[in-house]
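Please read the structure below before turning to the comments.
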C-alpha cells in the first residue's frame, strides 16, 4: 500500500478543522453560561481567534483533497464524479465551508455587538430576547457543522472505495 504526502496532509487538515470546531463549540458553551458581560466579550474575542484557524484548515483540505483525487483516479478508467460517495463528500464539504464562512461569523458578530451594547448600557429594550435568539442560532449552527463533519467522516471511512490517498 502506497500513501502519498497529500493523504497525510489531508489528515492534518481534517485534524485542524475538527480542532477548530471542537474548540469553538467549547467556547460557545462557556459564552452561554457566563454571566459577566466583560468575560463574555473576552470569550467572543477568543472565539473569533479560534475561527481564524478554519480558513487554513479548509484551504489545506481543498488542496490536498484535489491531490488525493488526482492520485486515485489518474490511473483508473472511471472519473471521480462517477463515485457517489466522493461526490456526496465534496458536496458536504462545500456546504460545511459556505455555512462556516457565511452564517457562523455573521451570528457571532451580531451577538458580540449585542453583548457590547449590554455592557455599555446602550442595548435595545428587547436585548435579552435577541441574545437568546442569537444563542439558539449559534447552537443550531454548531449542530449543522458537526453533522456535516460526521457525514464527511462516514463517507470517507465507509465509501465504496479506498480513500483517495491510498492504493
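Things worth noting here:
- Among 130, 20, 57: highest mean-square fluctuation, GNM of the chain, C-alpha pairs under 10 Å: 130
- Under a Gaussian network description of the chain, with springs only between Cα atoms under 10 Å, the residue in 126, 99, 71 that fluctuates furthest is 126.
- Which label in (i) 10, 35, 26, 16, 10, 4, 0; (ii) 9, 36, 35, 17, 2; (iii) 9, 28, 20, 13, 9, 7, 6, 4, 2, 0 gives the computed P(r) over Cα pairs in 10 Å bins from 0, in percent: (i)
- Cα shape, region 15-55, gyration tensor, a/c 1.5 rule: oblate
- GNM top mover of 44, 15, 65 - the chain, alpha-carbon springs below 10 Å: 15
- Contact order normalised by residue count of the chain, Cα under 8 Å, 6+ apart, percent: 37
- Within the chain, helix-based [θ] at 222 nm, where runs of 4 or more DSSP H residues each add -39,500 (n - 2.57), nearest 500: -28500 deg cm²/dmol
Each value in this text was obtained by applying a stated rule to the coordinates, not by laboratory testing. These numbers were taken from a predicted model, which means no experiment stands behind them.
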